[in-house]
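A quick write-up on the structure given underneath.
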Amino acid sequence: MRATKTMVPEGARTAKGAVRVMDPIQTEIMKNRFAAIVEEGSTTVFRTAHTAFVKQTQDYQCALATAKGEIFAYPAMSGVTSFIGISLEATLDFIDPETLGDGDVIITNDPFRTDGMCSHTMDIHLVKPIFYKGKLIAYGWSFLHASDIGGAVPGSISPTLTEVFQEGFRLRPMKLIIGGQVNPYVLSFMQDNSRIPEDLWGDLQALVAAMNTMERRLHELCDRLGEPVVTNSMEDLISLGELRSREALRVLPDGAYSFSDYLEGVNPGDLILIHVRMRVKDGTVHLDFSGSDPQVQMAVNFVTGSSTHPFLTQALNYFVLTQKPNTPANAGLVRPMTVSAPRGTVMNAEFPAAMGNRWVTAMRIYDCVVGCLNQALPGGIVSCGAGQAGIIAVSGRDPRTGKRRVGVVNPLCGGSGGRCSGDGVDGVDGPQGYLANTPIEMTEIETSVRIRRYELEPDSYAPGRWRSGAGITIELESADVETVVTVRGMNRFYFRPWGVNGGAAGSLGRVILKPDTPQAESIGKITVLTLHKGDVVRMISPSGGGFGDPLGRPFELIERDVRSGLLSTKRASADYRVVFDGAVIDRKATETLRAERGAAKPATFAFGPEREAHDKEWPVAIRSAIAVAVRELPLSLRAHVLKRVLDDAVLARSMQDKDAVSALVKRTAEQVMR
């Protein structure tokens, strides 16, 4: 092989089947050219969208895909990063590319017919074929989270919804634009079924503008370099992504690692098991989710289909991009990763599952994969983050027009976990670090709420050699006669974010209605909450776990946290076994205190007392065996049988092997059917 060339991995071949040799200089140049194109498209959406959830929070994205439907260029400067590697294949198969012409734009928000390209109906996806001199050379892809598509509640999402029919309109892949002309029937259908029809269409126009921009830039590139150079570079760039991804994953020792965590449902006691087994072999990773619970009658399911879905590999994607920051963010990144997510599980649900609140499930999957990585890498990498992204939507009268409208206030996240080399980040968690704040002034102009507080929560740090980031407190006051508040994605109200290598578990989330009054009430997670004029609700997010032994934290860092006002001397004394003289640690007295109490050997994971008590009551092996056995039943029976089995805890825990568990589940199903 010549020194100036790099042989691409298996799969990057010419039309005659020979392995093509990649020019590394040209590939790097084309990587930057394609990146500039998609970044311009993403900025176009950001600057021209209508709703706060797109133009402020930035829950949107656009990208470029090959003629086969593989993403080869994906933005990094704005918008979401969770769709890196998403496949358009099932959508293109449904619509049949042979029927597409120049100027067409496909629209869909159907998770089932796109086999998971759409992860819930509120995400509306557009696909635009890009032709050059009559030849299909690529696709433009874009999506945004629509603030309202109709359905049972304002904003279209409530965790309590049980089937997709309640979550607004659903469009199978069809043509929104035909030959450059908008299909009025599709547009009117969407607008007739949304509470904010003008804003919905304004957002979609921003996506179309972005794809038109990307198409124009791709044409210019073909004019300059020739179409074969451009299309070959698309494949080379995907192959480069695969090559670098494999290099990054080879850091992981070969072996098998497993981890379990729980997703919290709507009501206390609703606990959904997420179980993953990670197998690593020579730069490849397989994630097996077959031990997880079946889909549930809550809006926390989603579809991942038959391909490697980025919602399942997100933690690995970020690991690769951290290890090899020059890795192209494209379909090649996920090629060394495979998954087993059986149909009918909560992470690969079947029709007609509700999915509006699916991102909280994706976050718990992220946590489980990170749990495996902590076992695979000596010393670990990071503790569990807050594990929620509470998207706050409000419905009330627009202060400017008097008309009722739906608006998004903010994503309520929480502190990330402590890391192997530094503290966690205040108010931001890894899986959704791309979500941005909406300015308070805009929220108060566009909605019927006032923001009374929005700040980091004092004494929410989880202690460790490297502490967690702080949680967030937000207080909303209704400025109208009636304001309806919905919050999707609230979690970690029962089981704490876990710490690693001696770091403590994080804090739990909580919600207080009418705080600081005699009528103050802790109300748990919000689904749909009606506030009247002057009513206040306070939401406090969880914080991540700590990393490493708290007694190893340098005194100057503890004193710095105290000076910041986010850590009290009382809490610091308890967490770190230190003695204060004013705001300064008395070193000598601290050494005496620590010597008297001695030191304990830290466990790898600190789950907190709530989870530890639950695991004694319900060993994970038994709980997972029950989940697998229940999934063998007809879809209509699974939720009922699982609840009945879990209600009889004494009997279920007596089952010692898979055959006994299967027999118990079968008997229970027969009882349910009587």
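Figures for the structure shown
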{"quantity": "Least to most buried among H614, H125 (fewest other Cβ within 10 Å first)", "calculated": "H614, H125"}
{"quantity": "Pair L136, N326: separation of 7 Å Cα→Cβ label points (nm)", "calculated": "3.5"}
{"quantity": "In degrees, nearest ten, helix 635-647 long axis to first principal axis of the chain (Cα)", "calculated": "10"}
{"quantity": "Whole-Hz ³J(HN,Hα) from phi, Karplus 6.51 cos²θ - 1.76 cosθ + 1.60, for the stretch 455-460, glycine and proline x", "calculated": "7, 6, 7, x, 6, 9"}
{"quantity": "A613 versus D516: modelled label distance in nm, points set 7 Å from Cα along the beta carbon direction", "calculated": "3.2"}
{"quantity": "For the chain: relative contact order, % (alpha-carbon pairs under 8 angstrom, 6 or more apart)", "calculated": "12"}
{"quantity": "Pairwise label distance in nanometres, S573 with R250, each label 7 Å out on the Cα-Cβ vector", "calculated": "5.5"}
{"quantity": "Rg to Rh, two decimals, where the stretch 379-549 supplies the alpha carbon set and Rh follows Kirkwood", "calculated": "1.04"}
{"quantity": "Sorted peptide list for 527-535, 630-638, 196-204, criterion being average Cβ within 10 angstrom, highest first", "calculated": "196-204, 630-638, 527-535"}
{"quantity": "Listed pairs K68/K128; K68/K135; K643/K666; K55/K175; K525/K643 exceeding 18 Å between Cα atoms", "calculated": "K55/K175; K525/K643"}
{"quantity": "Inter-centroid distance (Cα atoms) of the stretch 43-69 relative to the stretch 333-369, Å", "calculated": "23"}
{"quantity": "Those lysines that a straight Cα-Cα span of less than 27 Å connects to K588, excepting residues fewer than 8 apart in one chain", "calculated": "K570, K601"}
{"quantity": "Dipole magnitude (debye, nearest 20) for the stretch 224-320, charges at Cβ of Lys, Arg, Asp, Glu", "calculated": "220"}
{"quantity": "Rounded, prolate or oblate (a/c below 1.5 giving rounded, otherwise prolate when a/b exceeds b/c) for the stretch 6-245 by Cα gyration tensor", "calculated": "prolate"}
{"quantity": "Per-peptide average of other Cβ atoms within 10 Å, ordering 557-566, 325-334, 56-65 highest first", "calculated": "56-65, 325-334, 557-566"}
{"quantity": "Relative contact order of the stretch 618-673, pairs being alpha-carbon contacts under 8 Å that are 6 or more residues apart, as %", "calculated": "45"}
{"quantity": "Rounded tilt (10° steps) of 359-376 against the dominant C-alpha axis of the chain", "calculated": "70"}
{"quantity": "Segments 421-428, 252-259 sorted - mean Cβ within 10 Å per residue, highest first", "calculated": "421-428, 252-259"}
{"quantity": "Dipole-positive endmost among G269, L664, M363 within the chain (Cβ charges, Cα centre)", "calculated": "L664"}
{"quantity": "Pairs of Cα atoms farther than 21 Å apart, the stretch 551-622, %", "calculated": "43"}
{"quantity": "Hydrodynamic radius by Kirkwood, which averages 1/r over all alpha carbon pairs of the stretch 618-673, in angstrom", "calculated": "10.8"}
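Here, each number is a calculation from the coordinates, and none is a lab measurement. Nothing here was measured: the structure is a model prediction, and the numbers come from that model. Methodologically, a virtual Cβ is constructed for each residue, glycine included, from the backbone with ideal geometry; neighbour enumeration extends over all protein chains shown.
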